[in-house]
Every structure is written in C-alpha cells, then in structure tokens.
C-alpha cells in the first residue's frame, strides 16, 4: 500500500487503493483461499469447542495473503499500515469475489 495515503482514510477512499494492491489473479486466489480457511477454522473452533483453531485460521489467512503480496504482487501488505481497513477490505473482496462483483483476474 502506498505510504503517501493519509492515515484518516474512510473505507470508501481506501478500497480502490486496496483493489489496485490486489490486482493479480494469484494474489486474489491466495487471499480467497486464506479467508476461506479462516472461516472454516472459525466454524470448526465453535463446532468442536477448540478455540486454538482460531489462531490456526489467522495464521492460514495471513500466511496465504502475505505470500500473495511478497511473491505475486511484490508489494507490502496493507495490513502493516492500515490494519483495520485492510481487514475490512479482505472480507469485502472475498464477498465481492463470491458474488461475481470482482473477478479473480483483477
């Protein structure tokens, strides 16, 4: 994420930048897989009453996402500068990919 962005961004201002930083198919696929694994871990943690699975979900989600950024996009994850906006962007992109509002090809 570009460091020249102001810190007081609204999500509406942030999301177009987020999408540009997630423009390649590999990055989007890795984010989608990571978020899917996180959601499955949440369900399993609740269903099996094993809260440790929540940590596994977080590791899976960020692991997949960061591989996408460092090796596919070759950029720095937005999480480091905009953690809450980035998290919201992750779920928004996930939902938009599920609904077909965004494409995996960027």
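Some observations on this one:
- Beta carbons closer than 6 Å, at least 6 apart along the sequence or on distinct chains, pair a first residue in segment 45-72 that is modelled with pLDDT of 95 or more with a second that is not in a helix (DSSP H, G or I) for 45/51; 66/77; 69/75; 69/77; 72/24.
- A Cβ distance below 7 Å, combined with a sequence gap of six or more or placement on separate chains, defines the contacts here; from segment 13-31, residues that are over 12 Å from residue 78 (Cα atoms) reach residues that are modelled with pLDDT under 95 in the pairs 23/106; 24/106; 25/105; 25/106; 28/106.
- Taken together, 55, 37, 43, 19 contain a single residue that is crowded, with 17+ Cβ neighbours inside 10 Å and in a helix (DSSP H, G or I), which is 37.
- Contact map, segment 82-106: first residue more than 12 Å from residue 35 (Cα to Cα), second residue surrounded by 12 or more Cβ atoms within 10 Å (Cβ to Cβ) and at pLDDT below 95, Cβ cut-off under 6 Å, separation 6 or more or different chains; pairs are 86/78; 86/79.
- Conditions (1) under 14 Å from the mean Cα position of the chain (by Cα); (2) modelled with pLDDT of 95 or more; number of the one not met by residue 100: (1)
- Condition check for residue 50 on (1) surrounded by fewer than 16 Cβ atoms within 10 Å (Cβ to Cβ); (2) within 23 Å of residue 7 (Cβ to Cβ): one failure, at (2).
The values are calculated or read from the model by the stated rules, or taken from the named source; none is laboratory data. Since the structure is predicted, the reported quantities are computational estimates derived from the model, not experimental observations. Note that each Cβ is placed from the backbone with ideal geometry, even for glycine, and that neighbours are counted across all protein chains shown.
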